[in-house]
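The values are calculated or read from the model by the stated rules, or taken from the named source; none is laboratory data. None of the values given here were measured: they were computed from a predicted structure. Neighbour counts run over all protein chains shown; Cβ positions are idealised from the backbone, glycine included. Keep in mind that these areas ignore ligands, DNA and RNA; they rest on the heavy atoms of the full protein, side chains included. Shrake-Rupley method; radii C 1.70, N 1.55, O 1.52, S 1.80 Å.
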Amino acid sequence: MKYKLPLIVVDDMERSRKFYEDLLGQKVILDFGENITFGGDFCLQTKDSWRGFIGDCEDTIMFRSNNFELYFEEKQFEKFVEKLKCYGVELIHDVREYPWGQNVIRFYDPDMHVIEVGESMVSVVRRFHDQGLSVEEIAERTQHPLEFVRDALNEKFQKKLIAVKFADETK
C-alpha cells in the first residue's frame, strides 16, 4: 500500500483554488470540477460532493478544527511574508523562530484550514553558515544530519533537489 495525498473539503472551489494558486504558488495537475489535485500532492473537494461520498453528515464536516495543517516550505521566506500581508488572511501567529532556527508563520486558508509556511531548511542552514557557524554547529542547532548540512551548503545539492522533484512529478 502507498499513501497518496490528503484531501481537504472546501465550501467554494474557485475561491480556494485561487488562494492556493495565487498565494501559495500551487499548480493544478488534475481538475474534475468538484475535486482538484495540486502538484504539491494534496487535493481539494467541494463540501457538497464530499457529503455525497460520506452520506448526509452536515454536522460532522467541520471547518477551523485546528487539528491538522498543510505545511509548505519557502526559499524566499521574507518575500512570502510580505506577499501574505496583501492577502488579508487571518493569522494564527506572526513569524516565529523555532529552536532549530526555522522561521515559520501560520494562518488560515479561506475554509479555515491551518496553513504553515516555513523557511526552507536549506535556507536556514545557509543563513547559519553566513552567520559564521561551523557545519557541526549548524547540524546541532538545526537537528539535521551532517550530510544534510554539507549538501545544503553545496550548490550541486540544489540541482539534486530539482532532479528528485522532477522524478517525483513524473511518477
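For the chain, the Kirkwood hydrodynamic radius comes to 18.0 Å, computed from all pairs of different C-alpha atoms.
Evaluated on the stretch 93-139, the Kirkwood hydrodynamic radius is 11.9 Å, with distances taken between all distinct Cα atoms. Annotation for LEU7 and ASP41: the two label points, set 7 Å from Cα along the Cα-Cβ direction, are 1.8 nm apart. Of the trypsin sites (Lys or Arg not before Pro) found in the stretch 1-88, the ones in coil according to DSSP and having at most 16 other Cβ atoms within 10 Å of their Cβ are LYS2, LYS4, LYS27, ARG64, LYS75. Remark: the stretch 47-118 carries a charge dipole of roughly 200 debye about the Cα centre, counting +1 on each Lys and Arg Cβ and -1 on each Asp and Glu Cβ.
With a Förster radius of 22 Å applied to the C-beta separation of GLU34 and MET112, the computed FRET efficiency comes to 0.65.
Among the lysines of the stretch 1-104, pairs at least eight places apart or on separate chains and with Cα atoms under 27 Å apart come to 19.
Only helices enter this figure: runs of n ≥ 4 DSSP H residues, each worth -39500 (n - 2.57), summed and divided by the residues of the chain, yield -11500 deg cm²/dmol at 222 nm to the nearest 500. On full extension, the segment bounded by TYR98 and ARG150 gains 16.6 nm, given 0.36 nm per residue less the C-alpha separation. Taking all pairs of different Cα atoms in the stretch 55-121, averaging 1/r and flipping that mean, what Kirkwood radius in angstroms comes out? About 13.0 Å for the stretch 55-121.
Carbon-plus-sulfur accessible fraction, the stretch 63-107 (probe radius 1.4 Å, protein heavy atoms only): 49%.
Probing with 1.4 Å while keeping every protein chain in the model, the per residue accessible area of the stretch 46-95 equals 74 Å². Between SER134 and SER65, the distance separating the two model label sites (each 7 Å from Cα on the Cα→Cβ line) works out to 4.8 nm. Averaging sequence separations of C-alpha pairs under 8 Å and six or more residues apart, then dividing by the length of the chain, give the relative contact order as a whole percent. After rounding, I find 17 percent.
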